[in-house]
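I have placed the structure first, in the form of structure tokens, so that the comments after it can refer back to it.
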Amino acid sequence: MKKLVATAPRVAELKDYTDREINSNEVKIKVEFAAPKHGTELADFRGTTPFIDGKFDEEWRVFTERGEDEPRGIEFGDLALGNMFVGTIVEKGADVTEYEVGDRVCSYGPIKETQIVNAVDNYKLRKMSKEASAKNAVCYDPAQFALSGIRDADVRPGDRVVVIGLGAIGQIALQFAAKIGATTVIGIDPIAKRREIAEKHGAHYTIDSMSCDAGMEIKMLTDKKGADVIIETSGNVHALQSALKGLAYNGTIAYVAFAKPFPAGLWLGQEAHFNYGKIIFSRACSEPNPEYPRWDRHRIEDVCWELLMNGYLDCDDIIYPVVPFDKCAEGFCYYVDQHPEESIKLGVDFTGRE
């Protein structure tokens, strides 16, 4: 059996592995579909993960959702790639009572042919029907951060809402805004395919941020008032400057992106000081949640899973392109690292069908 790993910065390979025996609290899953993460995981892959005082920040590597069998060590030979998977349980331990062999499930984990997962009191192992969309399921993680940004910014019916950065998180946030009843929904991204998908799923307008002054365009599309809410998912310094410029007086920016250090170019006095805007740094997995005790990470996850499984959210166009498992090393390097303009969130099909 094979799994996808990074063997050096910007080098992905499929490597052999052998499963151990499962423990009494675990299940073994045969994987049918999987997807990587295009943000923080890409920083790991490129070898740009932060160091503190010259020493690797171990907390950055700790990603417990991957499970005990896939530690993310400092050595690249140990760096498993992947974020979420869908598959069928083929073996279960004696202490497992909530799952059966044959159940179709989704959870966090690297891109590999089988998964061994704790199945006792593990709310992250989600059951799904045989007919449920695998593409929706692997958007479980970005949906949580999209929902967090929407709630933190208090998006309401009638609002003018802008989403900057139309990757998976941005696309889902845009769907939320449109379904909530925002009267003006604007998507901003330099990639034409992403803008096209945003328009299909509720954007009234889209803007190519490389071809215009995006902040000024926001103002022109909102009767010169500006946006009530801007969801910023790109982490680009120019995107934040555009958000500050396009924000309505006393509006809110939900900063969902995990940004790198900014170079010169952010000018807070030019726009932000006069627009009296608020910036909320939004993160679904920070506890306590701003709405604690009514809302916490578990509730965000439960709500997102329900909305993905009942079809309220449609992620079919977000998982693009889909590559067969035996080509996923090349696909990861090409679509995730080298040519992100040709993808949104890469899908990996273990059945061999593209």
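The values are calculated or read from the model by the stated rules, or taken from the named source; none is laboratory data. This structure is a prediction, so every number in the text was calculated from the model and none was measured. Cβ: placed from backbone, ideal geometry, glycine included. Neighbour counts: every protein chain shown. Accessible surface areas use protein heavy atoms only, side chains included; no ligands, DNA or RNA. Shrake-Rupley method; radii C 1.70, N 1.55, O 1.52, S 1.80 Å.
Tabulated data
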| read-out | value |
| --- | --- |
| Criterion: touching a strand residue (DSSP E or B) at 6+ places or on another chain (Cβ under 6 Å) and open to solvent by 40 Å² or more (accessible area, probe 1.4 Å) - qualifying residue of 199, 232 | 199 |
| Count of region 312-329 residues which are without any contact (Cβ under 8 Å) to a residue 40 or more places away in the chain and open to solvent by 40 Å² or more (accessible area, probe 1.4 Å) | 1 |
| Number of the condition not met by residue 335 [criteria: (1) farther than 30 Å from residue 226 by Cα; (2) among the hydroxyl-bearing types (Ser, Thr, Tyr); (3) not in a helix (DSSP H, G or I)] | (3) |
| Qualifying residue in region 283-297 (condition: under 22 Å from residue 85 (Cβ atoms), open to solvent by less than 20 Å² (accessible area, probe 1.4 Å) and of a type outside the set (Asp, Glu)) | yes |
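Here is a yes/no grid of residues against (1) in contact with a strand residue (DSSP E or B) (Cβ under 6 Å, 6 or more places away or on another chain); (2) in a strand (DSSP E or B):
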site: 7; (1), (2): yes, yes
site: 13; (1), (2): yes, yes
site: 22; (1), (2): yes, no
site: 44; (1), (2): no, no
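Let's see how each residue does on (1) at pLDDT 95 or above; (2) polar (S, T, N, Q); (3) open to solvent by 20 Å² or more (accessible area, probe 1.4 Å); (4) within 16 Å of residue 215 (Cβ to Cβ):
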{"residue": "228", "(1), (2), (3), (4)": "yes, no, yes, yes"}
{"residue": "237", "(1), (2), (3), (4)": "no, no, no, yes"}
{"residue": "241", "(1), (2), (3), (4)": "no, yes, yes, yes"}
{"residue": "249", "(1), (2), (3), (4)": "yes, no, yes, yes"}
{"residue": "266", "(1), (2), (3), (4)": "no, no, yes, yes"}
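To keep it simple, each residue is scored yes or no on (1) modelled with pLDDT under 95; (2) part of a helix (DSSP H, G or I).
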| position | (1), (2) |
| --- | --- |
| 94 | no, no |
| 100 | no, no |
| 110 | no, no |
| 117 | no, no |
| 122 | yes, no |
| 147 | no, yes |
| 154 | no, no |
| 157 | no, no |
| 162 | no, no |
